[in-house]
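Nothing in this text is a laboratory measurement; each read-out follows from the coordinates by a stated rule. Just so it is clear, the model here is predicted, and its values are computed rather than measured. Reconstructed Cβ throughout: ideal geometry from the backbone, glycine too, with neighbour counts over all protein chains shown.
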Amino acid sequence: MLDTPILNTVALRHTTYKGREAVELTLPISANQDPSRETLIDRDFMAWSRDVDFSDGIIELSVASVLADHAPTYARGFIGVAFRIDAQQRFESIYLRPTNSRVDDQIRRNRTVQYVAYPDYTFPRLRAEEPGKYETYVDVPMEEWIDLRVEVAGSAARLFVNNSIQPVLVVTDLKLGAAQRGGIGLWIEAGTVGYFADLVVNSV
């Protein structure tokens, strides 16, 4: 899936999940944050490849997430894709919080999908500066395969989920700018066992 991947904190193994060959990513319990002592933020926990020099194009893959046995209470099944990863490991990312998708709390439901740009534009900053602009709702269950398609062009990215005709999230001001380019990564956060399959990257 990724040639000679670089592992940032994550452990990787090849496995089968629900009948599909997959890459499994996990994190140690030491990756869990303590919300009573620190602000929860997005981090660079991923397997990524610098062999891809991606700027504009289409990224397609399937993802599934399971809560780890040591998942913290704030765990949401965080899973997604990072792109345009540069030599300083700055990147754009779109990810899911599948546990939010079907709860009886509309605010949490509205935070099922998230865009961030690491390291400066984490979700707390984006949520504080422009509430609701970089996150949205989509129906995505835990422990099931979810198909993602990310179309990137210049300073814009559009996310399509499970072959949706219309994008579920549109970002027109990617924070690292239209000239940003670099690798592709498989991204998770604390408490997630993440499965990834059928990654296809088409650059234009």
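What pairs come up if the first residue lies in region 186-203 and is on the phi > 0 side of the Ramachandran plot, the second is among the polar types (S, T, N, Q) and in a strand (DSSP E or B), and their beta carbons are under 9 Å apart, counting only those six or more places apart or on different chains?
Close Cβ pairs (under 9 Å, with a partner that is among the polar types (S, T, N, Q) and in a strand (DSSP E or B)) amount to 198/62.
Out of all the residues in region 9-65, which are touching an Asp or Glu at 6+ places or on another chain (Cβ under 9 Å), more than 21 Å from residue 201 (Cβ to Cβ) and of a type in the set (Asp, Glu)?
42, the sole residue that qualifies.
Could you run through region 10-19 and say how many residues are surrounded by 14 or more Cβ atoms within 10 Å (Cβ to Cβ) and either touching a helix residue (DSSP H, G or I) at 6+ places or on another chain (Cβ under 6 Å) or not in a loop (DSSP other than H, G, I, E, B) (or both)?
2
I'd like to know if region 82-94 contains one or more residues that are within 25 Å of residue 134 (Cα to Cα) and in contact with a helix residue (DSSP H, G or I) (Cβ under 6 Å, 6 or more places away or on another chain).
Within region 82-94 (the criterion being within 25 Å of residue 134 (Cα to Cα) and in contact with a helix residue (DSSP H, G or I) (Cβ under 6 Å, 6 or more places away or on another chain)), the answer is no, since none of the residues qualifies.
In region 135-185, what residues are aromatic (Phe, Trp, Tyr), closer than 19 Å to residue 196 by Cα and either touching a Lys or Arg at 6+ places or on another chain (Cβ under 6 Å) or without any contact (Cβ under 8 Å) to a residue 60 or more places away in the chain (or both)?
Listed by number, the list holds a single entry, 160.
Considering region 29-52 alone, what residues qualify as being in contact with a strand residue (DSSP E or B) (Cβ under 8 Å, 6 or more places away or on another chain) and of a type outside the set (Asp, Glu)?
Those that are in contact with a strand residue (DSSP E or B) (Cβ under 8 Å, 6 or more places away or on another chain) and of a type outside the set (Asp, Glu): 43, 45, 46, 47, 48, 49, 50, 52.
Which ones in region 59-89 are crowded, with 19+ Cβ neighbours inside 10 Å and more than 12 Å from residue 191 (Cβ to Cβ)?
59, 61, 63, 64, 80, 81, 82, 83, 84, 85
Which residues, counting only those in region 179-204, are over 15 Å from the mean Cα position of the chain (by Cα), surrounded by 14 or more Cβ atoms within 10 Å (Cβ to Cβ) and part of a loop (DSSP other than H, G, I, E, B)?
180, 181
Working only within region 142-172, note down all residues that are under 15 Å from the mean Cα position of the chain (by Cα) and part of a loop (DSSP other than H, G, I, E, B).
Matches in region 142-172: 142, 145, 168.
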